[in-house]
1. So, restricting to strands (runs of 3 or more DSSP E) that lie completely within region A:57-165, which ones have at least 1 residues that are closer than 23 Å to B:Gly162 by Cβ?
2. What are the residues in region A:244-272 that are outside any loop (DSSP other than H, G, I, E, B), surrounded by fewer than 24 Cβ atoms within 10 Å (Cβ to Cβ) and touching a Leu at 6+ places or on another chain (Cβ under 9 Å), if any?
3. Look at region C:305-349 and say how many of its residues are hydroxyl-bearing (Ser, Thr, Tyr), buried (at least 24 other Cβ atoms within 10 Å of the Cβ) and within 30 Å of C:Lys102 (Cβ to Cβ).
4. Restricting to region B:49-75, and then to whatever is β-branched (Val, Ile, Thr) and over 26 Å from A:Ala160 (Cα atoms), can you tell me which residue is surrounded by the most Cβ atoms within 10 Å (Cβ to Cβ)?
5. Specify which of the listed residues (B:Val78, B:Val46, B:Val90, B:Val110) is surrounded by 15 or more Cβ atoms within 10 Å (Cβ to Cβ), under 15 Å from the mean Cα position of the chain (by Cα), within 14 Å of chain A (Cβ to nearest Cβ) and in a strand (DSSP E or B).
6. Going through region A:10-31 one residue at a time, which ones are part of a strand (DSSP E or B) and within 17 Å of A:Ser140 (Cβ to Cβ)?
7. Which residues, counting only those in region A:127-154, are over 14 Å from the mean Cα position of the chain (by Cα) and buried (at least 22 other Cβ atoms within 10 Å of the Cβ)?
8. May I ask you to list the residues in region C:122-137 that are part of a loop (DSSP other than H, G, I, E, B) and either over 22 Å from C:Thr355 (Cα atoms) or within 31 Å of the chain's Cα centre (by Cα) (or both)?
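The values are calculated or read from the model by the stated rules, or taken from the named source; none is laboratory data. Keep in mind the model is a prediction, meaning the values are calculated, not measured. All Cβ positions, even for glycine, are placed from backbone atoms using ideal geometry, and neighbour counts span all protein chains on display.
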Amino acid sequence: MIPTNFEYFAPATIEEALQLLDQHGEDAKLLSGGQSLIPVLKLRLAAPTAIIDIGRIAALKQISVSGDTIRIGANATHADIARHAELKQHCPLLGETAAQIGDQQVRNRGTIGGSLTHADPAADWPAAILALDAEIVARSSQGERVIKATDFFVDVMTSAVQPNEIVTEIRVAKPAQPQAAVYLKVPQAASGFALVGVAAQLTLNNGKCEAASIGVTGLGPKAFRATTLEAALRGQALDDSTVSAAAAKADAETADALEDIHASGDYRRHLARVYAKRAVQAAAARA
Amino acid sequence: MKIEGSYTIKAPRARLFALMIDPAILQRCMPGCEALEETGEHAYNVKLKAGVGSIKGLFSGAIKLSDVRAPEHYQMNVDGKGAPGFLKGVGTLALSEAGEDTVINYAGDVSVGGTLASVGQRMIQSTAKMMAGQFFAALDAEMQAILKAEETGEPYTPPKQGILRNTFRQLSK
Amino acid sequence: MSFLAKYIGQKVKRTEDPRLIQGIGHYVDDIKLADTLHVVILRSPYAHARINAINTDAAKRVPGVVAVYTGADVAGKVGNVPCAMAHPELKVPAFGVLAQTKVFFVGHPVAAVVAQNKYQARDAADLIDVDYEPLDVVSDGEKAAQPDSPVIHEEFGTNIALVHNAGVGDIDAAFAQADKIVTQRLVHQRLAPISIEPRGVLAQYFPGEHQLNLWSSTQIPHLMRTQVSLMLGMPENRVRVVTPEVGGGFGCKLNVYAEEALLGWIAMQLHKPVKWIEGRRENFQATIHGRGQTGTVQVAVKNDGTLLGLKYDVIADIGAYHQLLTPAIPTLTGLMLSGCYKIPAISMKCTEVFTNKMSTDAYRGAGRPEATYLVERLMDCVARELNMDPVELRRKNFPQPDEFPFTTACGVIYDSGDYEKALSKALTIADYQKLRDEQKAARAAGRVMGIGVSTYVEICAMGPSAAMPAGGWESATIRVEPTGKVTVLTGVSPHGQGEETAFAQIVGDMLGIDMNDVLVVHGDTAVVQYGIGTFGSRGLAVGGAALVCATEKVVKKAKKLAAHLLGADEASLTFEDGKFVGAPDDKSLTIQEVALAAHTAASLPEDFEPGLTATHFFEPKNFTFPSGTHICVVEIDRETGELEIKRYIAVDDCGNQINPLIVAGQVHGGIAQGLAQALFEEVVYDENGQLLTGELMDYAVPKAHQLPRYELDHTVTPTPVNPLGAKGVGEAGTIGSTPAVANAVIDALAPFGVKHVDLPLRPEKLWRMMHN
């Protein structure tokens, strides 16, 4: 790797990191697991003058479950999340998503906070985070704010995190029926990113769908909640024809589907519909 | 790569068109524009610090407006290069009246080369759309500020521009 | 030659691996010389452009920058990148080490920046201002051949570099007699070889001695020495090429690139060591690609399945320039168009065209995968047309074992073969009939299942010198040192093939010594006698054969001395298990004792040279022709086109196996690459000649989790061409697998009326085939 020159900082605390961020402004970049930033630096697609390595801030690595809330520190790696026993019990969708990211080396380094902030339109986390209606906590020297997942993904590679903020934590309310969830994806053959990924978290009652929360990634410039699909499932018995009809609207929220050499927009739309159907069926079957 | 879209701004068409060929406004509205220098009629050299998310690069290039037919049409040619690669684009902007609104339809063809082409392929289209959206959001803000100043008789204060600000402006539409 | 089989034929673990697994091997970038300067190459972002001006002022001002060179600096001083193919009609554009007035492909070297460290050099390269004037781009091979296409090299007035015709037999008569003619257009996409270690060069010059040392990650140190010395006007014996550990080549390092001579020249200008290590993006842009053929195949056939003739009219998209073997690779396709079948008449017309892309050249298989793919695809097309089982059609046209040596209508003589044996074995392992029954049931249930068979033969052990552009022999020296340790100097240049192990096994058995006493030295032109290198599955079959002959010479010499020392008649001595026995009074001498005596030289026979060493240059009489059967079973998701390989069976015949573990490893890797060509890999340039697959994010090399479990077996049909009876196995997996996978997928899609799909078989393509 031959990046441009930068100054490297390794703050020990969040406060110190925020101070550095204020000091260096937009010319600074945060480094956590490096799985997004390092490739960009290597390609010289960014030339930050300061790298603030928050990867050593232990406070950001905690995962805890207390009461109804799951808290995941932004520096928790995908591998940490994939193997976390309590998460498996209370919200298996998190571990299932984490386990499908990249390859083992990527999972060992990459962090949930880094991935979310980077907001790659084909990343896996956004689908699950949306389906779980999670909240992302961002801190600046002015204080802390809580961003709803649905407000977090702004546009292609653009999250709601401001240049002076650090994502510190992801909060997830324990799902009522943790098992009624799934993350399914079609990986792009080269990168492993999602051509399309669908996360579903259902609440079922007497064979009927009380609530469905579906996150879709890979299809559009940003991950989104498939609200039309969700509405079509609400209150319905999840028989094949209902699910199929509802899933046919999985792409309704996306005006522009991504297109590249790996898949056309039309194919991505088709995959979103098929995988939305499969995700709902799989989640229902697990409940 | 084809890029097209439309944007609606609440303003009289002629007023909007006048803004769209005003170099001072262009400089303020173009995402990441750091300098704009007039080189001829409707021809400019520009320096842009443009990008998306953590990807950012310095570009320098030339913009030329041609086939300028006030208040409804012009063609824009863009030719730029920077460390991440080069881009070349040609597009048309057409303004039509819709009641109190003006609808801007844009359609263009962009080709990119260098690192951008070989690693950014899947994002170029959506990035271009996003930047177009930011441009129009900024233009909208300028227009509304001017109209408001006229209406209230207060002195015109240019709105604050910025990539993030305009992204949110665009989203809140 | 008979062998003690203590090592030969055994699954001996590779002696190379401990250092490689521990990460303590030495690659070019691990060689650190004091005061080394670092070079970064500025490359063209345009596929075709005129260079109006280059301004290097800002670059030269960057702290640490020592020099910036452009085309003007090297013009007339460094020779052109060489092409080894001599053909009177071949058009050869002058390929300077830095671009002169134009650039012809994305990645074309434009300037070289030398600085104290690579960061400074890279920063400076970013500051070089090149005024490019874009020109019309030719990015499609078929369009390049059209008369109205823009011309890339104006001096030729055409983009056609060469029209190569091949084949024998009366092709018109064959087609006239046909009951059916089956025609299919096939695209053989471009691939990137992707060695894990990219290329790299370190150059060091001693002005006093007028000596240039080059460390290079190459497959051909000696050929490189010759070519670089010519490019630099250096006496060949004052250039030393050292090849340390090489992290994969797959043919892409069977070449002489601009950078080797350029770095050598820079070292000679600056009198300091200079190093350049290729980055991955450069590797995609400026290291050769493979394949790149688009053509139409026609097969003439009788209704009973008897093959009469085959025609192939193909355009090879060779890129902007010739690298070392660029124009020769498509001609190799022409040697193997008979596949493992009796086809009385064959003709090929190959039109090689320039395009604004990186050159194509040898990539694992090099010309033969193209042949095997098209023959094996067409066999399935013919079977479909005749409503025959594809296996029966193949069987019907095999030459029988007693028909070898078998001369094909491509003009080559297959050394030995038993195609039925491998086919039967593979069918048995697969339980073919049961698979077909399962397929019937699956189809009835609406599932999309396919079975693909590929019976391949390939051409290896390159090769007789008369058929090669730069010699096809190989060399070996064996030295039994005074302590009895054995040093082997081989002219091949292993880079993952495991010859340090295999050669030690051979010598261990031939000399009856511990194989760990054998050191195999390679890849240093100052130490090893001239050799040709490692490519074309030749390391063992040609290099190993040279070693066998050299070892025989050493044993013969040792025997003479042993007889002298034992007071025995030479004819009565035999060499068994490391000892000369058969002397009077049961006296014997070990090879180690003889070696010591040969060096102390106190008592030698008359006319006996001291020392115990021998060299042999082995010239093969023919190529070898390994063969085999691969069977692939796939299931395709009807809704999405996603594909799963359910089973993969390979029965390969590479003749005698020295080390079955290494053979299996080669087959594993080969199948992975061939399967990846079928399913994932493709170098994509857009219409502007921009390389869209410029990183591993978009170019899909196969990963372990994407590959099936392999069910491997083998048959053994030794070759008479060399004393080992070994045919070579470096490329077989790649060659046999692509058509097996493609045939399985297209077989699966048959109920949808699909007769062919071009590679790579991405899910979207398959989905469209099922739903359009």
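1. A:135-140, A:143-148, A:153-155
2. Hits for region A:244-272 are A:Asp260, A:Gly265, A:Tyr267, A:Arg269.
3. 2
4. Once the filter is applied, the top-ranked residue is B:Ile63.
5. Result: B:Val110 is the single residue among B:Val78, B:Val46, B:Val90, B:Val110 that is surrounded by 15 or more Cβ atoms within 10 Å (Cβ to Cβ), under 15 Å from the mean Cα position of the chain (by Cα), within 14 Å of chain A (Cβ to nearest Cβ) and in a strand (DSSP E or B).
6. Scanning region A:10-31 gives A:Ala28, A:Lys29, A:Leu30.
7. A:Ala138
8. Matches in region C:122-137: C:Ile128, C:Val137.
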